[in-house]
1. Kindly give the semi-axes, whole Å and largest first, of the ellipsoid equivalent to segment A:84-241, taking each as the square root of 5 times a Cα gyration tensor eigenvalue.
2. Distance between Cα centroids, segment A:130-197 to segment B:267-334: provide it in whole Å.
3. Please work out whether chain A counts as rounded, prolate or oblate from its C-alpha gyration tensor, where a ≥ b ≥ c are the square roots of the eigenvalues and a/c under 1.5 means rounded, while otherwise a/b larger than b/c means prolate and anything else oblate?
4. Could you tell me the calculated FRET efficiency between B:Thr42 and B:Lys83, based on Cβ-Cβ distance and R0 = 41 angstrom, to the nearest 0.05?
5. What is the calculated FRET efficiency for A:Arg331 to B:Arg91, with r their C-beta to C-beta distance and R₀ = 51 Å, to the nearest 0.05?
6. So what's the convex hull volume per residue for the Cα atoms of segment A:1-83, in Å³?
7. Obtain the radius of gyration and the Kirkwood radius of segment A:236-340 from its C-alpha atoms and give Rg over Rh.
8. By what distance, in whole Å, do the Cα atoms of segment A:167-289 stretch along each of the three principal axes, largest value first?
2 protein chains.
Amino acid sequence: MGLDDRKLAVLRAIVEDYVATQEPVGSKALVERHQLGVSPATVRNDMAVLEEEGYIRQPHTSAGRVPTDRGYRLFVDRLSRVKPLSPAERRAIERFLVGAVDLDDVVHRTVRLLAQLTRQVAVVQYPSLARSSVRHLELVPISTTRLMLVMIADTGRVEQRLVELPRPIPADDVTDLRRLVNEKLVGTRLSETPPLVQALVDEATAELRPAMTTLSTVLLETLVERHEERIALAGTANLARGGLLDFQGSLRPILEALEEEVVLLKLIGEVEPSTMRVRIGDENEIDNLRAASVVSTGYGPGATIVGGLGVLGPTRMDYPGTIATVRAVARYVGDLLAQN
Amino acid sequence: MGLDDRKLAVLRAIVEDYVATQEPVGSKALVERHQLGVSPATVRNDMAVLEEEGYIRQPHTSAGRVPTDRGYRLFVDRLSRVKPLSPAERRAIERFLVGAVDLDDVVHRTVRLLAQLTRQVAVVQYPSLARSSVRHLELVPISTTRLMLVMIADTGRVEQRLVELPRPIPADDVTDLRRLVNEKLVGTRLSETPPLVQALVDEATAELRPAMTTLSTVLLETLVERHEERIALAGTANLARGGLLDFQGSLRPILEALEEEVVLLKLIGEVEPSTMRVRIGDENEIDNLRAASVVSTGYGPGATIVGGLGVLGPTRMDYPGTIATVRAVARYVGDLLAQN
DNA sequence: GACTGGCACTCGCTACAGTCGAGTGCCAGG
DNA sequence: CCTGGCACTCGACTGTAGCGAGTGCCAGTC
């Protein structure tokens, strides 16, 4: 049961070599490439133990060893040393993110940056509305029976939605409506909004009542229920790098999963403050992603978290490097948001 | 040189069978599956001619024939009969598009629908700003030195952008600014806007001049130059269907191309009124897409065109079916837009 | 008791030869 | 001009053999 230091070193060496070469690694190659200070035969014995414990396995009887999901897990938890970012990477991050004019812009740049640096699929969640508060609500008359509702959140997010009124409404009433909703809702968290929105209807004058009723429905629908969350994706072409060896031949399940917004949210949305989350192969709840690993974390101004971001790649990935990059990018983005 | 009717029938049969089975088709199988009324030997002679003319080719000396890009071209131009949509498809389209509350919603539903019906990668361009006119401009004060500019186009598109003012501006001035820009710009096509925006600065009072200058810069940048165009994509998982036989083994170049907004615009953006555009294999200007075909068309309310949409798939695709579907979806979306 | 060198063994990979059969091109006859 | 017949090609598949990386085990050494 107990794995002494050398066995752990062997496991680490196996993971590192396998990640680098993509080929099962044998005892001889291992002692040559790493200073283990023992002979291949000894390594073989260690390997036998590691295999018995389920950390590595042999694809074929006479092939080298390959880490299992469990092996990667142990590696990530106890064996990987933090890999500092290269100055080049640091510079890339800075260069990429300055000059963003927009939340949209920030998110797009971030997701591309992540994909490029990690050479994997990157996913960035827009600041969650539930975690934002209302900065301003605008009502723009489109016609006498149509309003465009525009909500601006403190995180920079802007959502709009068409409101179809039950009957024509004069311009003055629109002004009243605007004043009313802003008075009551500005500054509140969206997750706490529903009762307030409800109250709005009650407080409206008889004049405004019908319009306000419709408006409140739309508010609730758009801002709380419906596609409340948005997501940006980049780097899918990276999936096709590993020559089909990763992902056991077919990209289809992966690509399918990546098209489901819900799935992506599950992947990167559930984050606790300042934690890196690493899900390796089988640890993923989504069946289609059993052959992949996901590294994700939350981001936001200061210590608060407004959304998640991360990358997805083959289980055979450079975990220390990826983790370092994801963390660094999350920090930078958080800082960027804090400036607004 | 001249291809008589039977040779054309043979070509059609080859294309149809190959598309259906994905395997090179031989003379014997052809006469069995189609009522050509002649013997395999005759078909072989026809095939020899077709091959000489470059419409089909043999993967190996003793294999069946496969259509070339040129063969598909001829098929599309002269041999394919229009395939009417099945009632089920019609229903699917209607069901999918009713209940869309939003331009965003319409575009997303459309792209998913297209991907699902054609079982290929679908691309939908948002109504082009250059082809829209301004319905309303809104300025929302975020702080004393920051405005959120929101533009609503007649096509339903909403664009926003943060405006960083050179110095604080009182609330009244914002009202003036808003009135001014709306007076001058509402109703104009965005492609004709630049001189008008320029004029705005000249007409502004000394008070408003600095703010107006910044504002005009942002207007020009956001609405005319920068990511003026937006695009939605769906169905990439369909690329991985044909078991890697299509796209000669690697999806990488395709996925890479699909990540470039510019490339996608080139694909579906350049459309003339009510034309279906079919680009087959080599006909694509983009190198990465030499192994793919693209079927695209324009859409918009009535006869005007506000954007493009289409699908991308293997050259070995069901052209008649795909063309019919793309056309039908474009029409429905156009009608939907016309209702607003 | 832990490590090592040696050795027999396994088994995937590659190369090569042989067979099979789908499909062809060509030709002579209707 | 079409057709049946026939010889030919060549890819796909099968079976065999040799190679070599890698292993497990064991006896010997420190």
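1. 40, 14, 14
2. Cα centroid to Cα centroid, the span is 38 Å.
3. Prolate.
4. Here the calculated transfer efficiency is 0.90.
5. Computed FRET efficiency for A:Arg331 and B:Arg91: 0.50.
6. Working: hull volume 7.9 nm³, N = 83.
Looking at segment A:1-83, the number lands at 95 Å³ per residue.
7. 1.00
8. Dimensions of segment A:167-289 along the principal axes of its Cα atoms: 67, 32, 20 Å.
Just so you know, all these numbers are worked out from the coordinates, no wet-lab data involved. Remember, it's a predicted structure, so these values are computed and weren't measured experimentally. All Cβ positions, glycine included, derive from the backbone under ideal geometry; neighbour counts span all protein chains shown.
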